[in-house]
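Everything below concerns the one structure shown next.
Each value in this text was obtained by applying a stated rule to the coordinates, not by laboratory testing. On a predicted model such as this, the values are computed, not experimentally measured, just so you know. Note that we place each Cβ from the backbone using ideal geometry, even for glycine, and neighbour counts take in every protein chain shown.
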Amino acid sequence: MYKNDTLLRYIYGILADMPHAIKGFFMTIPSAIQKQLQEKKITLTALRRQVLTALCAQPQAMGAYDLIEAISQTAGRRLSPTSVYRVLDYFQQHGLIHRLASINAYVPCSCLCNHHHMSHFLICQTCHQVAEVSHHALDQAIVKSSKAHNFAMEISVIETAGTCHACANT
């Protein structure tokens with residue numbers, strides 16, 4: 001390894017612990033998420049900041065091992081999968097991210113409301129971009145159906161796989 005490579009890894013490691021990380025250019029945690037962090041009094045440790053920054057930097061959902069790889073490249077050290085899963089669980093519990101079970105990956109919550117909500121995702125199977133959408137009538141139908149069956153709903157996540165407009169036109 002050259003001296004310059006060592007220096008770059010050192011600099012990247014320092015920057016990864018700051019409120020931004022390098023991934024081709026400086027990425028920040030969106031202000032809406034920063035606001036939620038403040039309102040919920042969530043402290044960002046270096047690892048939490050790195051995970052959240054990496055998730056926010058991608059239009060695609062990321063798996064835990066994708067996050068480990070992305071963060072390891074900028075931090076210059078390999079992270080423990082257990083540590084990353086703990087951070088992901090923590091963010092899920094606080095409503096900052098969603099887990100997409102069908103692809104075993106995570107995305108930041110685009111709604112950022114102060115409560116857990118019904119989630120609907122459109123997942124492109126070609127480019128892997130994910131769009132979180134809301135549909136009030138669908139939400140109401142799910143609640144009505146749950147009540148009709150005397151079912152105490154705790155969470156509702158709908159994942160629809162298909163092809164986005166951009167990929168369909170290429």
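Brief remarks follow.
Each row is one residue, and each column tells you yes or no for (1) over 30 Å from A168 (Cβ atoms); (2) out of contact with any Gly (no Cβ under 8 Å at 6 or more places or on another chain).
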residue: C56; (1), (2): no, yes
residue: G63; (1), (2): no, yes
residue: T74; (1), (2): yes, no
residue: V87; (1), (2): yes, yes
residue: C127; (1), (2): no, yes
residue: A137; (1), (2): no, yes
residue: S145; (1), (2): yes, yes
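- For the stretch 127-141, the tally of residues that are without any contact (Cβ under 8 Å) to a residue 40 or more places away in the chain, outside any strand (DSSP E or B) and surrounded by 14 or more Cβ atoms within 10 Å (Cβ to Cβ) stands at 2.
- Of all residues in the stretch 46-84, those satisfying the criterion of being in a loop (DSSP other than H, G, I, E, B) and either closer than 30 Å to C167 by Cα or touching a residue at least 12 places away in the same chain (Cβ under 8 Å) (or both) are A57, Q58, P59, A61, G63, G76, R77, L79.
- For the stretch 144-170, a residue qualifies if it is of a type in the set (A, V, I, L, M, F, W, C) and free of Cβ contacts under 8 Å to residues at least 24 places away in the same chain, and the qualifying residues are A148, F151, A152, M153, A168.
- Members of the stretch 36-65 that are among the small types (G, A, S) and exposed (fewer than 14 other Cβ atoms within 10 Å of the Cβ): A46
- Conditions (1) part of a strand (DSSP E or B); (2) closer than 20 Å to A57 by Cα; number of the one not met by V87: (1)
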